[in-house]
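Following: one structure in structure tokens, then a few remarks.
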């Protein structure tokens, strides 16, 4: 089991487009502010992202990104993944982090927008594979990487659920070896999020 201490919940407010909204969310206790770079009605430009990131950094009394510490091993084993999760949770306890959200966008675009937008964390919400994540880590070694894993809706597994459960465990283990945290999201037909 992964270590989850009481009171260690991380709250991310996503879809923020204005600095004043970020300040309000942080004042209310948000640990992370999510900026959507993927096509969406709440999509932000790099300039909007930079303005929000500057407001978050001002609140957290910092001027630059909160970088992830170098990984002890890559790919990581389960205890290594647990340590990364604890480190990420600890980083956003000290100061709120800015998360850039992407869905199946080209690597160059992700790198450009994370760097230009002042984000601390990359959240991959699409079908990005392990090769993409490895290339991203190479290009942005100081960025935290969070992968969304979409869970099938209840009732869509096979009769006993064993095959679907094993496939899910396999995907989780593979992503855990390469990412700093995983975000589990229940799939909803016709939507990229639950």
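Where a number appears in this text, it was derived from the coordinates with a stated rule and is not lab data. Here the structure is a predicted model, which is why all the values come from computation and not from measurement. Note that we place each Cβ from the backbone using ideal geometry, even for glycine, and neighbour counts take in every protein chain shown.
Extension gain for the segment residue 63 to residue 48, taken as residue separation times 0.36 nm less the Cα-Cα distance, is 3.7 nm to one decimal.
For residue 24 and residue 162, a Förster radius of 41 Å and the Cβ-Cβ distance give a FRET efficiency of 0.35, rounded to the nearest 0.05. In the chain, the longest principal axis of the Cα atoms and the axis of helix 130-139 are about 20 degrees apart.
Along each principal axis, taking the top coordinate minus the bottom one, the Cα set of the chain gives 51, 38, 36 Å in descending order. Let me check against my output: what whole-number percent is the relative contact order of the chain, with C-alpha pairs under 8 Å and at least 6 apart? Value for the chain: 20 percent.
Each helix, a run of at least 4 DSSP H residues, gives -39500 (n - 2.57); summed and divided by the residues of the chain, these come to -12500 deg cm²/dmol at 222 nm. For segment 56-140, the square roots a ≥ b ≥ c of the C-alpha gyration tensor eigenvalues yield an a/c of 1.5 or more together with a/b not exceeding b/c, which makes the shape oblate. Label separation (residue 174 vs residue 138): 1.9 nm, computed from points 7 Å beyond Cα along the C-beta direction.
What angle do you read, to the nearest 10 degrees and between 0 and 90, between the alpha-carbon axis of helix 78-94 and the longest principal axis of the chain? Here the helix axis deviates by roughly 30 degrees.
Against the main long axis of the alpha-carbon atoms of the chain, helix 162-176 sits at an angle near 40°. Length available on full extension from residue 40 to residue 108: 0.36 nm per residue minus the Cα-Cα distance, which gives 22.5 nm. Simple spin-label estimate for residue 8 and residue 130 gives 2.6 nm between the two label positions (7 Å along the Cα-to-Cβ direction from each Cα).
Shape class of segment 32-84 from the alpha-carbon gyration tensor: oblate, with a/c at 1.5 or above and b/c at least as large as a/b.
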